[in-house]
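The structure under discussion appears below in the form of structure tokens.
The values are calculated or read from the model by the stated rules, or taken from the named source; none is laboratory data. All of these numbers come straight from a predicted model, not from anything done at the bench. All Cβ positions, even for glycine, are placed from backbone atoms using ideal geometry, and neighbour counts span all protein chains on display.
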């Protein structure tokens, strides 16, 4: 089993949903880099559930403890370990249905892989709870990239059938981040999105959506042509987000309906800089950043934990069964997943940046 991403900078995630804590180890960071603890706390707050009917009723403070690799507000150059305590678990909610496979979950595949020794409480290591660790590490990486002029922004492109305003892929403009879950270009879409999520929740059901990430400030030449291409490294990370079932860059699947004359991005010179006048390739050619904004989207499936009765099997008895789940679950994870996606993209780009340009940091 492997739980580590990255080459020059590595990210290891550990913990289970109902264990004492979840956490991560970041290795390969240069010494002397500022650690923006306020930015990390703000990212965790955007991911945090609020008990508002739009997310799980499992409420936790999600405060980060830095166990190693940080001193006096800067990296020390050694592995940076951070943990977030699990403080509001209710494992008893899962006791009555422990042998029933939850449709859409990893219950069966986890049992097949680990032979029944997995921690099944709340989804264990497969739970979205582990994204709190990825969010904290990603926010830290994002602050390092920001000091290099690289900005990462993720918004909810669509959720429960409600569309956000489109972003300009050539010259994107986005609003300042606001507190709460909903990262939107058009704030007027928050109310109908919330209404659609609440309606699904009242019916014991769930909804999904699309997240769009835009990165500006990346230098042309970042990435590799085959292994460790910008697309392959980011796609690997994005598909690790629970419920992510699709990734596309630029026009993505829309290329299927285009001709080459439309799909290609014409080159031009602006202020002495080579640019493209369109950005259908999402800022990447041949696996390498071309200096235009990197644009990518993911599709997040509806939360598999729904309160409607479902057909399943009892894997211990090998018999058909009915499942009515208990516990506390999100009717939609799309809004909370936006900050997770933002952080993992930031980590992947920092890894590629370090591979390409080295571990340049502020040496004491």
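Worth pointing out:
- Those residues of region 178-192 which are in contact with a strand residue (DSSP E or B) (Cβ under 8 Å, 6 or more places away or on another chain) and touching a residue at least 40 places away in the same chain (Cβ under 8 Å), in sequence order: 182, 183
- Residues in region 274-293 that are out of contact with any helix residue (DSSP H, G or I) (no Cβ under 7 Å at 6 or more places or on another chain), part of a strand (DSSP E or B) and over 18 Å from residue 262 (Cα atoms): 274 alone.
- Region 236-281, residues that are more than 30 Å from residue 123 (Cβ to Cβ) and in contact with a strand residue (DSSP E or B) (Cβ under 7 Å, 6 or more places away or on another chain): 250, 265, 266, 267, 268, 274, 275, 276, 277, 279
- The set of residues in region 344-364 that are in a helix (DSSP H, G or I) and either modelled with pLDDT under 95 or touching a strand residue (DSSP E or B) at 6+ places or on another chain (Cβ under 8 Å) (or both) comprises 345, 346, 347, 348, 349, 351, 352, 353, 354, 355, 356, 357.
- A Cβ distance below 6 Å, combined with a sequence gap of six or more or placement on separate chains, defines the contacts here; from region 76-101, residues that are at negative phi and surrounded by 19 or more Cβ atoms within 10 Å (Cβ to Cβ) reach residues that are assigned to a helix (DSSP H, G or I) and modelled with pLDDT of 65 or more in the pairs 82/136; 84/132; 94/121; 101/107; 101/108.
- Test: residue 169 is farther than 20 Å from residue 234 by Cα and either surrounded by fewer than 18 Cβ atoms within 10 Å (Cβ to Cβ) or at pLDDT 95 or above (or both): no
- For region 157-171, a tally of residues being assigned to a strand (DSSP E or B) and in contact with a strand residue (DSSP E or B) (Cβ under 6 Å, 6 or more places away or on another chain) returns 3.
- Checking 242, 187 one by one, the residue that is at pLDDT below 95 and in contact with a helix residue (DSSP H, G or I) (Cβ under 6 Å, 6 or more places away or on another chain) is 242 and no other.
- Close Cβ contacts (under 7 Å, 6 or more residues apart or on different chains) running from residues in region 44-57 that are at positive phi and surrounded by fewer than 20 Cβ atoms within 10 Å (Cβ to Cβ) to residues that are modelled with pLDDT under 85 and assigned to a loop (DSSP other than H, G, I, E, B) comprise 51/57; 51/59.
- Every residue from region 4-33 that is in contact with a helix residue (DSSP H, G or I) (Cβ under 8 Å, 6 or more places away or on another chain) and surrounded by fewer than 16 Cβ atoms within 10 Å (Cβ to Cβ): 7
- For region 172-193, filtered to residues that are more than 21 Å from the chain's Cα centre (by Cα) and not in a loop (DSSP other than H, G, I, E, B), the residue that is nearest to residue 104 (Cα to Cα) is 192.
- Residues considered: 248, 212, 233, 224. Of these, the only one that is farther than 24 Å from residue 158 by Cα and within 18 Å of the chain's Cα centre (by Cα) is 233.
- Within region 294-311, being assigned to a strand (DSSP E or B) and buried (at least 18 other Cβ atoms within 10 Å of the Cβ) holds for 294, 295, 296, 297, 298, 300.
- One residue from 134, 146 being surrounded by fewer than 21 Cβ atoms within 10 Å (Cβ to Cβ), under 23 Å from the mean Cα position of the chain (by Cα) and either in a helix (DSSP H, G or I) or without any contact (Cβ under 8 Å) to a residue 12 or more places away in the chain (or both): 146
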